[in-house]
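Have a look at the structure below, then the notes.
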Number of protein chains: 2
Amino acid sequence: MFIYLPCTLTEIHCVQQIRQTLKKETALKIGIKDIAKQANVSIGTVDRVLHNRGDVAKSTREQVLSIIEELGYTPNLLAKSLASKTKYTISVLIPDPESNAYWEKPLAGIKAAAAEIKKFNFELQIATFDYSNENSFIEKANQILGSNPSGFIFAPVFYESSLKVIEKCDQLELSYVFIDVFIENCENLAYFGQNSAQSGYLAARLMSLSISQVISHIYIVKPLNPSAPVYHLNLREKGFVSYFSEENSDQAILHSMDVDISSPAALDESLDAIFASSNKPLGLFVANSRVHLVASYFEKNKIKNVILIGYDLLQENIEYIEKGIIQFLICQKPEEQGYKSVFALFNHLFLKHTVEKLNFSPIDIIMKENIEYYKNFKI
Amino acid sequence: MFIYLPCTLTEIHCVQQIRQTLKKETALKIGIKDIAKQANVSIGTVDRVLHNRGDVAKSTREQVLSIIEELGYTPNLLAKSLASKTKYTISVLIPDPESNAYWEKPLAGIKAAAAEIKKFNFELQIATFDYSNENSFIEKANQILGSNPSGFIFAPVFYESSLKVIEKCDQLELSYVFIDVFIENCENLAYFGQNSAQSGYLAARLMSLSISQVISHIYIVKPLNPSAPVYHLNLREKGFVSYFSEENSDQAILHSMDVDISSPAALDESLDAIFASSNKPLGLFVANSRVHLVASYFEKNKIKNVILIGYDLLQENIEYIEKGIIQFLICQKPEEQGYKSVFALFNHLFLKHTVEKLNFSPIDIIMKENIEYYKNFKI
DNA sequence: TAAAATACCGTTAACGTTAACGGAAAATAT
DNA sequence: ATATTTTCCGTTAACGTTAACGGTATTTTA
């Protein structure tokens, strides 16, 4: 997907030149042999200057370099991988999908990317940690750092521990990519994730569109596990709130509500309280993928005509969208985030391309009418 | 993107077996040599059975085949492409992007895919035709069919002519892929495009959400070039209409309107007529990418509070979304359609994988709040 | 000034596959 | 019986690159 072998105009022109000068009909693509011949050296020397392996006189080095430039040489990656003995290992450290279903998606993307670059001598090493256990993160990270990988993809959900990991990476000159969570002022190769505040803002816009009454009570629900880190939740809430303070401030009265989902009954109680109050909600914004828990409550209690907006294409959420209980899901291509994280390292380590540092996923709006085409992950 | 080289458990197991039996430490991956050794034949024979090149006794053939099966041999695609002398040519025939800006997008995807598979000896041959000139389509198609390509991607926008092209393809046993437009009951390898009716249905849902008054006049605008084929337009209209007949039939009064955009003044006149009438519109659904023409009218005439929904991420449309004049754009990943069309042929011709025949793109909903992340095409 | 070290460069065997070439054995024809 | 096919298979030179190995000159050291 990201492997470009551009054939520039210059290149084409030079191929034609070479064809004429060398009088060889087979010289369709410039190879290491062509530049060796042109420079009056052997392919060994060319390879030495290409890889800075030393043992070549400054003058010949420059000569070869200029011919490489002139002919617009690009290496044949197939031959390169075939002949090369260097192996690349990409280590991955993300929350365990068993305990947090969301992470199945980035993982799927990571694996898909890995399958593609396997033929270029790239190998994956996947480790997971417990989302509600900072020590497991530290432990696994240390294991990985000790194994001397070529590149490292991780979700820096624990701030302090992550800083230490980052410091170690910098020391080891190990390229690392942040996924999902972003930490500022780092030497990370890239970040792939979402713009949480903006997605909250968008959710608010959709909410605003969907509620018709002039003044409505809208609840922001934040389902969380007390021992797990909160990162996107607050940003999403912030974005949601900022919409209504900027755009339609007289339309909505906002209420924010934390719900501990480690105990099953807690959610029910909280929601009971809301629906029993005099401030009856016309809209609920659930700031993460646990929106299906709220939807389940809606179904059980036959609540209708309340707009429900949440996050992510989990199987449970898909079902509630199709039933019409959830109106909108915001989804930010988690598979793609994983996929692209791997390719960022591939581009950097193998192709020596520069990679974009900050990469936000599109904010997909999913509703009953278009969910069909988002259900199945296909890169 | 679609190149999978799965390493099954069986495969891993067998590698370990081979390691033990052959006592070779280097036997990490089963190659043609390994199966030659195991079958007591030469690599030439193995290659002959692998490619059905004949000249091999039935008994040895079966022997080799069973060992291939047993060891779970998968060819090394890099070495294959390096050594192979067979070149693949994929011909493409689509409307000229110069006359129809939409087609820049599929073309971009096609080129991106081509760049990726260039290293596997795949070459692209791109031809375009005039959207309002059926003969140009026929002419170019015949040229392509005469050039004996390995695969053919085209937009069958002219029905009758396309049928003839398809017949010719079937005769030549040439694999062909439909892009954008679908013709039923064909032997096409695949189709990549959009579900037009569903996108219209979705647009109607968005319209319904956005208009607040109980009874509203809504206009369906179909900007078209009289000499050019109409395909998606009517389906989108159909979907749009069907929503309001199914879901909120008492909310909207629908009006349909064809506009000839070959003369610049025609649109103005038609819109003037609408806005001067007693049935003032509260929503306009423009069924193709020319929605920017309507938006321009809105801007010029300072029309506010009328919901405008259209199609596709053309630069002009992007600007009107950002200005808040267009509320929604429906977009169906045209780049991806082009990209995937090429890869369908790659999968079929090179990898010998089976490919899905019917492929609809997701229906992306784009509004001011999320357009930022859809602007730039990145596969 | 001879010996040792260094700087520089060419040669070559891989990597896994393709496909042309040729040759031995078996089958058929004369 | 020999001559001629036919069947079947092994050998080998590519494909473009990597990287180890070894070999000249040239410079440095003793």
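Miscellaneous remarks
- In nanometres and ascending order, the distances from the A:GLU246 label point to those of the other copies are 3.5 (point 7 Å from Cα along Cα→Cβ).
- Buried surface for the A/B pair, taken as the accessible area of each chain alone minus that of the pair with a 1.4 Å probe, is close to 4200 Å² in total.
- Heavy-atom accessible area with a 1.4 Å probe sorts A:SER212, B:SER147, B:SER361, largest first, into A:SER212, B:SER147, B:SER361.
- With the charge dipole of the protein assembly as shown set up from +1 on Lys and Arg Cβ and -1 on Asp and Glu Cβ about the Cα centre, the Cα lying farthest toward the positive end among the listed residues A:VAL157, B:VAL291, B:ASN52 is that of B:ASN52.
- The protein assembly as shown - share of DSSP beta bridges that are antiparallel (%, nearest 5): 5 percent
- Near the amide H of A:HIS255, within less than 5 Å, lie the amide hydrogens of A:ILE218, A:TYR219, A:ILE220, all on another chain or at least 5 residues away, with H placed in the peptide plane.
- Within the listed set A:LEU163, A:LEU345, A:LEU50, the Gaussian network model of chain A (springs between alpha-carbon atoms below 10 Å) gives the highest mean-square fluctuation for A:LEU50.
- B:TYR191 accessible area, 1.4 Å probe, all protein chains in place, Å² to nearest 10: 0 Å²
- The range A:205-231 versus the range A:303-324: alpha-carbon centroid distance in Å: 14 Å
- Anisotropy class of the range B:236-379 from Cα gyration tensor, a/c 1.5 cut: prolate
- ³J(HN,Hα), Karplus 6.51/-1.76/1.60, whole Hz, each residue of the range B:279-288, x for Gly, Pro: 8, 4, x, 9, x, 10, 10, 9, 7, 8
- Solvent-accessible surface of the range A:273-379, taken per residue with a 1.4 Å probe and all protein chains present: 38 Å².
- For B:HIS353, the label point sits 7 Å beyond Cα toward Cβ; its separations from the matching points on the remaining copies run 1.9 nm, from shortest to longest.
- Kirkwood hydrodynamic radius of chain A, from inverse mean 1/r over distinct Cα pairs, in Å: 23.9 Å
- Over chain A: helical MRE at 222 nm, DSSP H runs n ≥ 4 each giving -39500 (n - 2.57), nearest 500: -14000 deg cm²/dmol
- Averaged over peptide B:76-84, the number of partner chain Cβ atoms lying within 10 Å of each residue's Cβ comes to 4.
- Label distances, nm, A:ALA276 versus same residue in remaining copies, Cβ-directed 7 Å point: 6.3
- Positive minus negative residues near A:SER270 (Lys, Arg vs Asp, Glu; Cβ under 15 Å): -1
- Kirkwood hydrodynamic radius (C-alpha pairs) into Stokes-Einstein, the protein assembly as shown, 20 °C and 1.002 mPa s, D in µm²/s: 73 µm²/s
- Mean Kyte hydropathy of -0.5 or more with a Cα span along the axis of at least 15 Å, helices from DSSP in chain B: B:9-22, B:58-71, B:104-117, B:134-146, B:159-172, B:196-210, B:264-276, B:334-349
- Residues whose placed amide H lies under 5 Å from that of B:ILE153, excluding near-sequence neighbours: B:SER91, B:VAL92, B:LEU93, B:VAL177
- Calculated FRET efficiency for the pair A:GLU319/A:ASN148, C-beta based, R₀ 41 Å, to 0.05: 0.40
- Comparing mean-square fluctuations of B:ALA344, B:ALA79, B:ALA197 from a GNM of chain B with C-alpha springs under 10 Å, the top value falls on B:ALA79.
- Accessible surface comparison of B:LYS118, B:LYS333, A:LYS29, B:LYS352, probe 1.4 Å, protein chains only, largest first: the order is B:LYS352, A:LYS29, B:LYS118, B:LYS333.
- Where a label projected 7 Å from the Cα of B:SER256 along Cα→Cβ would reach, residues of the range B:222-243 with amide N under 15 Å: B:222-224, B:230-243
The values are calculated or read from the model by the stated rules, or taken from the named source; none is laboratory data. Predicted model only: the values in this text are computed from it and were never measured. Note: ideal-geometry Cβ built from the backbone for every residue, glycine included; neighbour counts use all protein chains shown. What goes into the accessible areas is simple: the full protein's heavy atoms, side chains included, and nothing from ligands, DNA or RNA. Shrake-Rupley method; radii C 1.70, N 1.55, O 1.52, S 1.80 Å.
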